[in-house]
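What follows is a single structure, written as structure tokens, with notes after it.
The values are calculated or read from the model by the stated rules, or taken from the named source; none is laboratory data. Everything numeric here is computed off the predicted structure, so don't read it as measured data. No Cβ is skipped: glycine too gets one built from the backbone with ideal geometry, and neighbour counts run over all protein chains shown.
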Amino acid sequence: MKSNLLLAAVAAMALSSAGAALAAPTAAVTAAVADQGRPAEDTARDTDRKPAEMLDFAGVKPGQTVADFLPGGGYFTRIFAKAVGPKGAVYAIISEAQAANKDKPPAVAAIAADPNYGNVKIVAANFQTFTLPTPADVIWTSQNYHDLHLTRLNLDVAAVNKAVFNALKPGGYYIVLDHAAPAGTPVDAANTLHRIDPAIVKTELEAAGFKLVGESKVLRNPKDDYTKNVFDPAVRGHTDQFIYKFQRPK
């Protein structure tokens, strides 16, 4: 009898785990990804970038403050804006040089000017010392952490990571998604391959005071050719990507 009960309990736990793994995204996330205001070039990338799974992993919810650190073309910025809703806020953190470039304004400038995304605000920042108007629940950076190590930027990465730490609420999360390089790859691979060894990210962020509390493998691809630059057509859009969730301790 005890054996049967134990087997039933194990089966129930397995079913529960499977159900959790396959749980549907929240209604807010689903609506954000389905936003009709997103450009076609963004929605065409959804199969590869899996934005609903990413926001669920990050724990983005209505009413939160989310900072999109180095937002690029704003792929996630729009989704964050709809996911946090009118009571939430999205800060798009760009460099002071980007903000000052009148000949080539950043893509997020147009998003912030669009009344459909009225909760998006641009923060032009020195990455080593930046602060936010209000502390964030989530700070997010995708496919850009390696850029902090670009020689031409000459950044003190430890100072950048401490600024991110300080910009979060206690208990807040820092989500890092980036292109993986093989274990032991030196950090200067950022200059040539635009990749980074995940172990370097862990070491640097733990040194800043963060605790690694989660990992998603939904974008891992062991078939990636790690010798290629991530912009090479042979691998672009299909690189091996790691996603870590770090927490600022409460």
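Within region 134-177, the residues that satisfy the criterion of being part of a loop (DSSP other than H, G, I, E, B) and out of contact with any Lys or Arg (no Cβ under 7 Å at 6 or more places or on another chain) are THR134, GLN143, ASN144, LEU150, ASN154, LEU155, ASP156. Scan region 195-236 for residues that are of a type outside the set (Val, Ile, Thr), under 27 Å from ASP56 (Cα atoms) and touching a Ser or Thr at 6+ places or on another chain (Cβ under 9 Å) and the total you get is 5.
Return yes when TYR244 is farther than 22 Å from LEU155 by Cβ and among the aromatic types (Phe, Trp, Tyr) and no when it is not. So TYR244 does not fit the description; no. Counting only helices (runs of 4 or more DSSP H) that fall entirely inside region 28-96 and contain at least 2 residues that are in contact with a strand residue (DSSP E or B) (Cβ under 8 Å, 6 or more places away or on another chain) and either without any contact (Cβ under 8 Å) to a residue 40 or more places away in the chain or not polar (S, T, N, Q) (or both), the qualifying elements are 51-58, 75-84.
The set of residues in region 222-244 that are surrounded by 15 or more Cβ atoms within 10 Å (Cβ to Cβ) and in a loop (DSSP other than H, G, I, E, B) comprises ASP224, TYR226, LYS228, ASN229, VAL230, VAL235, THR239, ASP240. Of note, THR141 does not satisfy the criterion of being over 18 Å from the mean Cα position of the chain (by Cα) and either at pLDDT below 95 or among the β-branched types (Val, Ile, Thr) (or both). Say whether the condition of being surrounded by 20 or more Cβ atoms within 10 Å (Cβ to Cβ), among the aliphatic types (A, V, I, L, M), in contact with a Leu (Cβ under 6 Å, 6 or more places away or on another chain) and without any contact (Cβ under 8 Å) to a residue 60 or more places away in the chain is met by at least one residue in region 134-150. Taking every residue of region 134-150 in turn, at least one turns out to be surrounded by 20 or more Cβ atoms within 10 Å (Cβ to Cβ), among the aliphatic types (A, V, I, L, M), in contact with a Leu (Cβ under 6 Å, 6 or more places away or on another chain) and without any contact (Cβ under 8 Å) to a residue 60 or more places away in the chain. Within region 97-133, being β-branched (Val, Ile, Thr) and in a helix (DSSP H, G or I) holds for VAL108, ILE111. Taken over region 97-133, residues that are out of contact with any strand residue (DSSP E or B) (no Cβ under 6 Å at 6 or more places or on another chain) and within 20 Å of PRO62 (Cα to Cα) amount to 6.
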